[in-house]
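Notes follow the structure.
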Amino acid sequence: MLHSHNPHQFPLKKLKQLAHSLCDSFDSRYNDADGYWALGVLYQLAQQHHVPSVCLDLYQCQLIPDDTALHPLLLCWFRKLEQTLQQFDIPSQLIKGATIEVEFAVPLPQSSRSKMHQLLTRFMQLHAARACLIRCTLENVFGDVRVAKRYSSCWPHDANRETRSIRRFSEGWRHE
């Protein structure tokens with residue numbers, strides 16, 4: 001059992017694992033926004049607002065820049081954070097901040113020799129694909145911050161090019 005007043009008993013390794021878990025899940029193709037690929041929808045939102053990134057503040061339950069049509073996506077990730085905290089046996093009252101930020105059209109790091117760099121370089125040769133950086137930041141009440149980063153590739157949402165998933169009906173999105 002964790003003691004909420006003793007920072008030395010807070011599982012920092014679990015906090016880091018939680019950040020990586022959320023980051024990996026966010027990059028998944030199954031991360032949908034009303035049946036469309038969430039990364040693409042968020043990229044489109046960033047372009048509409050002429051900003052380089054979008055941030056889901058899961059602790060404050062805010063989307064920056066805001067778009068009420070994407071509030072169900074924000075709520076979905078707020079719930080996912082709560083569920084994942086339970087899975088990692090971390091009391092939610094010990095979390096002070098949780099954000100998922102996606103920065104679009106970023107250059108890939110030149111020094112990276114990883115397999116992911118090679119895969120992304122090949123994947124980005126597709127029409128309109130750009131690298132993005134997904135950053136999940138978690139902070140506990142003791143001031144410890146853990147960050148997970150992941151490069152991915154995406155393009156802005158285009159309803160004419162994408163097929164809408166039927167999962168949208170099971171995730172609480174408004175029906176048209």
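The values are calculated or read from the model by the stated rules, or taken from the named source; none is laboratory data. From a predicted model like this one, the values you see are computed outputs, not experimental measurements. FYI the Cβ positions are ideal-geometry reconstructions off the backbone, even for glycines, and counts take in every protein chain you see.
Odds and ends about this structure:
- Within the stretch 96-113, the set of residues being modelled with pLDDT under 95 and among the β-branched types (Val, Ile, Thr) comprises just one member, VAL106.
- Selection status of LEU120, within 20 Å of LEU39 (Cβ to Cβ), at pLDDT below 70 and touching a Leu at 6+ places or on another chain (Cβ under 9 Å): yes
- Unmet requirement for ARG79, which otherwise passes all of (1) out of contact with any Leu (no Cβ under 9 Å at 6 or more places or on another chain); (2) at pLDDT below 90; (3) of a type in the set (D, E, K, R): (2)
- Test: residue in the stretch 36-49 that is free of Cβ contacts under 8 Å to residues at least 24 places away in the same chain and within 15 Å of HIS157 (Cβ to Cβ): yes
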